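K.L.:
Take a look at this one; I'll ask things after.
The values are calculated or read from the model by the stated rules, or taken from the named source; none is laboratory data. Everything numeric here is computed off the predicted structure, so don't read it as measured data. Cβ placement follows ideal geometry from the backbone for every residue including glycine, while neighbour counts extend to all protein chains displayed.
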Amino acid sequence: MSEQPHHAVLVRTSSISKFSAEPFVGLDEFTVQEFEKLGIDDARKIVLSAHARPAESLTQTFVLVAHFITLEAQNALLKVVEEPPESSRFVIVVPIDFVILPTILSRCQVTIDANQPDVSEVFTSFVTTGFKDRLAMIETAQKKKDTAWQQSIKSGLTGYVTKHPELAQELEYCARLLLTRGASNKFLLEHAALTIPARSTM
């Protein structure tokens with residue numbers, strides 16, 4: 001796309017390393033910054049840069065490619081996404097299964113990278129069934145220690161939250177913590193299973 005359709009775009013991608021910023025930048029000035037972990041100090045520097053007018057163009061685009069963004073950094077970026085300087089635009093690129101604060105999501109145009117595969121059959125069968133069947137699926141996955149199944153649910157939850165923002169507060173917690181060190185995966189999966197309406201649609 002040659003023109004930026006929105007002041008803030010959130011891109012979910014299945015491969016951070018293969019992401020190309022080219023479709024998201026036009027003739028304005030732009031910078032691409034990559035982060036293994038985007039922290040509070042990084043976010044403050046980005047906010048300061050965003051309020052500085054570009055030297056040779058009317059607008060500037062900040063492309064932020066991050067494997068992980070801390071909650072503190074997300075909160076720091078929220079203000080500039082809520083009330084962006086007239087001259088600044090943002091493209092925030094995160095992994096498909098990374099959970100962004102609902103307050104940022106609501107102010108971004110969300111897009112899926114072209115390389116991203118469709119929602120898995122695992123997650124589709126999970127949400128389109130009833131509560132009893134979901135709990136049985138979780139029990140089976142836990143007994144088999146099926147982390148691939150749990151990863152499919154984690155990835156699916158991220159997309160589901162985007163389409164069902166009314167459930168974002170409950171489900172983003174589950175998606176963010178699922179399969180992280182020290183998390184009770186069974187509890188998180190059961191909470192998601194009982195939060196999503198029975199026989200829901202994608």
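K.L.:
In the range 18-43, how many residues are more than 20 Å from Ala73 (Cβ to Cβ) and either basic (Lys, Arg) or within 16 Å of the chain's Cα centre (by Cα) (or both)?
P.N.:
1
K.L.:
Tell me, yes or no, whether the range 52-59 has at least one residue that is under 24 Å from Pro23 (Cβ atoms) and either modelled with pLDDT of 90 or more or in contact with a Phe, Trp or Tyr (Cβ under 8 Å, 6 or more places away or on another chain) (or both).
P.N.:
No: the range 52-59 contains no residue that is under 24 Å from Pro23 (Cβ atoms) and either modelled with pLDDT of 90 or more or in contact with a Phe, Trp or Tyr (Cβ under 8 Å, 6 or more places away or on another chain) (or both).
K.L.:
Right, here's the next one. Among what's in the range 130-159 and is more than 25 Å from the chain's Cα centre (by Cα) and in contact (Cβ under 8 Å) with a residue 60 or more places away in the chain, pick the residue that is nearest to Lys186 (Cα to Cα).
P.N.:
Phe131
K.L.:
What single numbered condition from (1) in contact (Cβ under 8 Å) with a residue 60 or more places away in the chain; (2) surrounded by 13 or more Cβ atoms within 10 Å (Cβ to Cβ); (3) assigned to a loop (DSSP other than H, G, I, E, B) fails to hold for Leu194?
P.N.:
Status for Leu194: all satisfied but (3).
K.L.:
Would you pick out the residues in the range 49-69 that are surrounded by 15 or more Cβ atoms within 10 Å (Cβ to Cβ) and either among the aromatic types (Phe, Trp, Tyr) or outside the structural domain of Arg12 (by TED's automatic domain parsing) (or both)?
P.N.:
Phe62
K.L.:
Could I ask something else about it? Quick one: in the range 14-48, of everything that is acidic (Asp, Glu) and surrounded by fewer than 15 Cβ atoms within 10 Å (Cβ to Cβ), which residue is modelled with the highest pLDDT?
P.N.:
Ranking the qualifying residues of the range 14-48, first place goes to Asp41.
K.L.:
Oh, and also: Thr162: modelled with pLDDT under 85 and under 18 Å from the mean Cα position of the chain (by Cα), yes or no?
P.N.:
Yes: the conditions hold for Thr162.
K.L.:
On to the next question. For the range 124-143, does any single residue satisfy the condition of being modelled with pLDDT under 90 and not assigned by TED's automatic domain parsing to the domain that holds Lys79?
P.N.:
Checked the range 124-143: no residue is modelled with pLDDT under 90 and not assigned by TED's automatic domain parsing to the domain that holds Lys79.
K.L.:
Answer yes or no: is there a residue in the range 77-92 that is in contact with a helix residue (DSSP H, G or I) (Cβ under 6 Å, 6 or more places away or on another chain) and small (Gly, Ala, Ser).
P.N.:
yes
K.L.:
Moving to a separate point now. Sort out for me the helices (runs of 4 or more DSSP H) sitting completely within the range 5-107 that have 1 or more residues that are more than 25 Å from Glu166 (Cβ to Cβ).
P.N.:
40-50, 71-82
K.L.:
Could you grab me the full set of residues in the range 121-162 that are β-branched (Val, Ile, Thr) and buried (at least 20 other Cβ atoms within 10 Å of the Cβ)?
P.N.:
Of everything in the range 121-162, those that are β-branched (Val, Ile, Thr) and buried (at least 20 other Cβ atoms within 10 Å of the Cβ) turn out to be Val127, Ile138, Ile153, Thr158, Val161.
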